[in-house]
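What follows is a single structure, written as structure tokens, with notes after it.
The numbers here are math on the coordinates, done by the rules we state, and not lab data. This structure is a prediction, so every number in the text was calculated from the model and none was measured. We place every Cβ from the backbone using ideal geometry, glycine too, and count neighbours over all the protein chains shown.
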Amino acid sequence: MLFQQDQLLFLVVKLERPDLARTKSELIQQQNEFKVRLADLESYLLEKLAGAEGDILEDQGWVGYPVSGATARR
């Protein structure tokens, strides 16, 4: 029932305020991209931790993680 209410509300907003509906869609897309990016970063971090030898604070390989997408724009 709640899902149907959300759909109906979205349709009303889409008709009354298409700019808000567009913004919502863009934010959902951005959130999904951030979730993928976070999963990539977590995998990278776990891989680096698993292969770490000695003092991880002295490992300069951590510094140069490739940055792309929204993170690079900040």
Exercise for review: Tell me which residues, restricted to the stretch 9-32, are touching a residue at least 12 places away in the same chain (Cβ under 8 Å), within 22 Å of the chain's Cα centre (by Cα) and surrounded by 12 or more Cβ atoms within 10 Å (Cβ to Cβ).
Suggested key: LYS24
Revision key, fill the gap. Filtering the stretch 15-52 for residues that are outside any helix (DSSP H, G or I) and touching a helix residue (DSSP H, G or I) at 6+ places or on another chain (Cβ under 8 Å) leaves a count of 0
